[in-house]
Structures are given as structure tokens and as C-alpha cells.
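Worksheet: the structure to be examined is printed underneath.
Quick note: the coordinates plus some simple rules give every number you see, no bench work behind them. What you see is a predicted model, and the numbers here were worked out from it, not measured in a lab. Glycine gets a Cβ as well: all are built from the backbone with ideal geometry, and neighbour counts include every protein chain shown.
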Amino acid sequence: MLISDGLSPNVRRELEGFVLSVPLHEAERAADVISAYERENSERASPPEREIPAKGDAVTGLTVSAALLLFFFLTGPRDPAVIWFERGSADAEQILLGELWRTVTALTLHADLGHVLANALFGALFLSAVCGSLGAGVGCALALLSGAGGNLLNALFHGSQHASVGASTAVFGAVGLLSGLAVARRWRQQSTGRPWWVPVGAGLALLAMLGTTGERVDLWAHLFGLLVGGALGVPAGFAMPRPPRPLVQWIFGSIAFVVLFYCWGLALD
């Protein structure tokens, strides 16, 4: 190694072991060559760093689910004559006329007890996973945005004569976020294992299993929530490979909280 760099090393054996020496005027250059050699071999020996899988945030998921249940006991089951449903449902015609708050408020309303229990259960599961990857504040904000975006696209698709309620659009938005995050993780790691489209297929499979059954199921709202969540999840996965620091979580969480209350304020004004 040293000889190939034009140096004149000398190796001799002593009681303590072998001693490598070079002329004094070559000492600095020899030290640089040895350091470069050790650094190169250390990089080759080190396995590529892999991301540690995120743990779920069960506390956040259960808290949001509990809030949905409590709000249901306040509003009661679906009744168009009750102000909560009259002013808060995702009425496609009214949304297109400018009442955009309905895309958010409808996420907190439910048709009956079975409806809210199902959304609370699956919402806790998928939102916990999202918040485990992105943090509580960012995860809740993006899930809310996914649900609102899905309701808006649903209104644009139906045009009029369509009204829906329920957090399921945001629940499938969370599924889409998880799929998008997994796609970003595979691209970022340049994984040689399962291809990037496997998480996409998994999200669609969950939609087929959970989003197509039940009375008066709004499949298009579920699909649009999934698509918006996926579209948000990919850039979020690249921008935030790890959950941002607590200050960022508080900012995003506060924004989501304020947006939700502001929309209900507009609805009930």
C-alpha cells in the first residue's frame, strides 16, 4: 500500500511486535495514506443503515376514537332535521356552492351506533400506525386533510343529490397515508425486496375488504380518501423519514384542532 504510493516503508520485528517506519520527510504522507485506507475499509465493512420500524401511537388513536364516540352521544344518530346534520353533513351540492366546512364537519358525524363504533375501532388502529410514523400532531393533521380532501373529491364526483357523514373517509385516508409512507420508504432505501407497488396493493385490498360492505356504504368517499392519503403520504415519507421534533407536532396538531373547531363554528353560525 505505502510502496504503491511511492513511499519507502520499513518493517522490523521487536519484542512488542512489528514496527512500521518511514523516513521522517514521508511521515505525514504515510499517515494520510493509512488513514484513507482504514476509512475505506471501515465503510465497506459497515452494513447499510436500515430504518427502525416505527411503533404505533395507541394513545393518540384511542383518544381520537373516544372523541368520536363522545361527539356521537352529543349529536345522536343521523337526522336531517337536527342542526348538526343539517349544517354539518357532506352535502355535495352545498359544498360546491361554497360551504367547504362540510368536508371537515361531516367527518365527526355518524349515522348510528354501529357506524361510529366501526370507525372508532379501525380509526384507532390505522391512526395509531400513522402517528407512530409521523408523530401525533403531523399524523392527525394529515389524516384530517386526507378525509376533507376525500369528501371534496366525492362532492365533485357526484355533483349534487348526495350527502354523506362519517369518519371513514379519514380512516381510509390514514390507510392511504400508510401506503404512501411505505412506498417512500422503499424508494428511499432502494429496497431490493418487495417492489414499491406492494403497499399500494395492500391499501386497495383493505379498501376492498373494509370499505365495500355495510348499509349505505359510500365507496367513492372511501376511495377518494385513500387516494388523497396516498398522495400526501409519499412526499411526507420523503420529507419526514422520522417523526419531527415536538414543536412541529404541537404546531400541526394545533392547526388541525383549530381547523376542526373553526369549521364547526362556520357550520353553526
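For region 82-132, rounded, prolate or oblate, judged on the Cα gyration tensor with a ≥ b ≥ c (square roots of eigenvalues), a/c < 1.5 rounded, else prolate if a/b > b/c?
Working: a/c = 3.60, a/b = 1.70, b/c = 2.12.
Verdict is oblate for region 82-132.
By the gyration tensor of its Cα atoms, with a ≥ b ≥ c the square roots of the eigenvalues, what is the shape of region 58-268: rounded for a/c under 1.5, prolate for a/b over b/c, or oblate? Present the calculation step by step, with values, prior to reporting the outcome.
Values: a/c = 1.79, a/b = 1.50, b/c = 1.20.
Judged from the Cα gyration tensor, region 58-268 comes out prolate (a/c at least 1.5, a/b above b/c).
Find out how many positive minus negative residues lie around R87, taking Lys and Arg as positive, Asp and Glu as negative, among other residues whose Cβ is under 10 Å from that of R87.
Working: positive: R102; negative: E86, D91, E99, D269.
Spelling it out: positives minus negatives among the neighbours equals -3.
Take the alpha-carbon centre of region 138-183, take the same for region 200-244, and report the distance between them in whole Å.
First find each Cα centre; the distance between them is then 8 Å.
If R0 is 51 Å, what FRET efficiency do you get for R188 and A81 from their C-beta distance, rounded to 0.05? Walk me through the intermediate numbers first.
On the way: r = 51 Å, r/R0 = 1.01.
It comes out at approximately 0.50.
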